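Asker: Sending over a structure as structure tokens; questions will come in a sec.
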Amino acid sequence: MRKTPGVDMSTGSLGQGFASSVGMALGLRNKGIPAYTYALLGDGELNEGIVWESAMIASHYKTNHLIAIVDKNGKQAGGFTKDIIHMEDVMKKWESFG
């Protein structure tokens, strides 16, 4: 596998990338490294429980150097998100975690 500078991992199953990002952000903070950790997610991926469990952990531990970027294109592997599991206000849900 070719290594891209600044990219520490690619994802596995849906939601795993965000969970790993939470762990990386916590680890960096515990080591006193003031770096930001970024996670890229698709809106279909938000159907996975691991995403919201990880968001709760990030909120609980006040992980403030973690940035989640969601590609809200309305599509996922099985079709359109509105036809599978539609979330009304994704931003409001994220903001509820603090």
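No lab work stands behind these numbers, since they all come straight from the coordinates. Given the structure is predicted, the values throughout are model-derived calculations rather than measurements. Heads up, the Cβs are rebuilt from the backbone with ideal geometry, glycines too, and the neighbour counts pull from every protein chain shown.
Asker: With contacts defined as alpha carbon pairs under 8 Å and 6 or more residues apart, what's the relative contact order of the chain in percent?
Answerer: On the way: 103 pairs, mean separation 27.4, N = 98.
Answer for the chain is 28 percent.
Asker: On to the next question. Counting only residues 5 or more places away or on other chains, whose amide H sits under 5 Å from the amide H of Val70 once H atoms are built in the peptide plane?
Answerer: For Val70, whose amide H was placed from the backbone, the distant partners under 5 Å are Leu41.
Asker: Taking θ as phi - 60°, what are the ³J(HN,Hα) couplings along the range 82-96 by the Karplus curve (6.51, -1.76, 1.60), each to the nearest whole Hz, with x for Gly and Pro?
Answerer: Karplus values, whole Hz, x for Gly and Pro: 5, 8, 9, 9, 8, 10, 5, 10, 4, 4, 4, 5, 4, 4, 5.
Asker: Counting DSSP beta bridges in the chain, what percent are antiparallel, to the nearest 5?
Answerer: On the way: 2 of 8 bridges.
Bridges in the chain are about 25 percent antiparallel.
Asker: Put a dot 7 Å past each Cα toward the Cβ at Ile84 and Ile57; how far apart are the dots in nm?
Answerer: Inter-label distance under the simple model: 2.3 nm.
Asker: Order of Ile33, Ile85 from fewest to most other C-beta atoms within 10 Å? Before the final figure, lay out the partial values.
Answerer: Values: Ile33 9, Ile85 12.
Final ranking by Cβ density, sparse to dense: Ile33, Ile85.
Asker: For Thr37, which sequence-distant residues (separation of 5 or more, or a different chain) have an amide H within less than 5 Å of its own amide H, given hydrogens modelled in the peptide plane?
Answerer: Residues meeting the amide H criterion: Leu66, Ile67.
Asker: Something else now. Expressed as an acute angle from 0 to 90° and rounded to the nearest 10, what is the orientation of the C-alpha long axis of helix 49-60 relative to the principal long axis of the chain?
Answerer: Orientation of helix 49-60: about 40 degrees from the principal axis.
Asker: May I pose another question? As I understand it, the value is the acute angle between the Cα axis of helix 16-30 and the longest principal axis of the Cα atoms of the chain; what does it come to in degrees, rounded to 10?
Answerer: With rounding to tens, the tilt is 30 degrees.
Asker: For the pairs Lys62/Lys92; Lys72/Lys92; Lys3/Lys75; Lys3/Lys92, flag any whose C-alpha to C-alpha distance is greater than 25 Å. Let's see the in-between values first.
Answerer: On the way: Lys62/Lys92 18 Å; Lys72/Lys92 14 Å; Lys3/Lys75 29 Å; Lys3/Lys92 35 Å.
Pairs exceeding the cut-off: Lys3/Lys75; Lys3/Lys92.
Asker: Comparing Lys75, Lys31, Lys62, which has the greatest mean-square fluctuation in the GNM of the chain with Cα pairs linked when under 10 Å apart?
Answerer: The residue with the greatest mean-square fluctuation here is Lys31.
Asker: When the Cα atoms of the chain are enclosed in a convex hull and the volume is divided per residue, what value in Å³ results? Could you put the intermediate results ahead of the total?
Answerer: Details: hull volume 10.2 nm³, N = 98.
Residue-normalised Cα hull volume stands at 104 Å³.
Asker: Enter the Cα centre distance for the pair the range 38-70 and the range 82-98, rounded to the nearest angstrom.
Answerer: 12 Å
Asker: Okay, next question. When only Cα pairs under 8 Å and 6 or more residues apart are kept, what is the percent relative contact order across the range 1-53? Provide the component values of the computation, followed by the final result.
Answerer: Numbers: 36 pairs, mean separation 20.9, N = 53.
Once divided by the residue count of the range 1-53, the mean separation gives 40 percent.
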